[in-house]
Amino acid sequence: MEANTVEDNKPLVIQAEGGVGKKTLLVKWFEYHQQLNKARSKNDLIILHFATTGGNNSNYYYAIYRILIKLRE
């Protein structure tokens, strides 16, 4: 098995029309990843942020704020 490299840790952006299940896909993947990590006794940090048009979620300052709060935890 090869060791993970820095190149393996890249941001992921999913973009598609509304109503096709982007959030559901990511939430299900996140739940699967959490269960897998518990079985491996691994402790990955994953910060989910769903950006939508309008409101605070589309503001990148808000995203950075949420990331900083999560890192403090």
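No lab work stands behind these numbers, since they all come straight from the coordinates. Predicted, not measured: the structure shown is a model, and the values here were computed from it. Positions of Cβ are generated from backbone atoms using ideal geometry, with glycine treated the same way; all protein chains shown enter the neighbour counts.
Placing pseudo-labels 7 Å out from each Cα toward the beta carbon at Ile47 and Leu68 gives an inter-label distance of 1.0 nm.
Could you name the lysines whose alpha carbon sits less than 25 Å from that of Lys22, not counting residues in the same chain fewer than 8 places away? List returned: Lys10, Lys38, Lys70.
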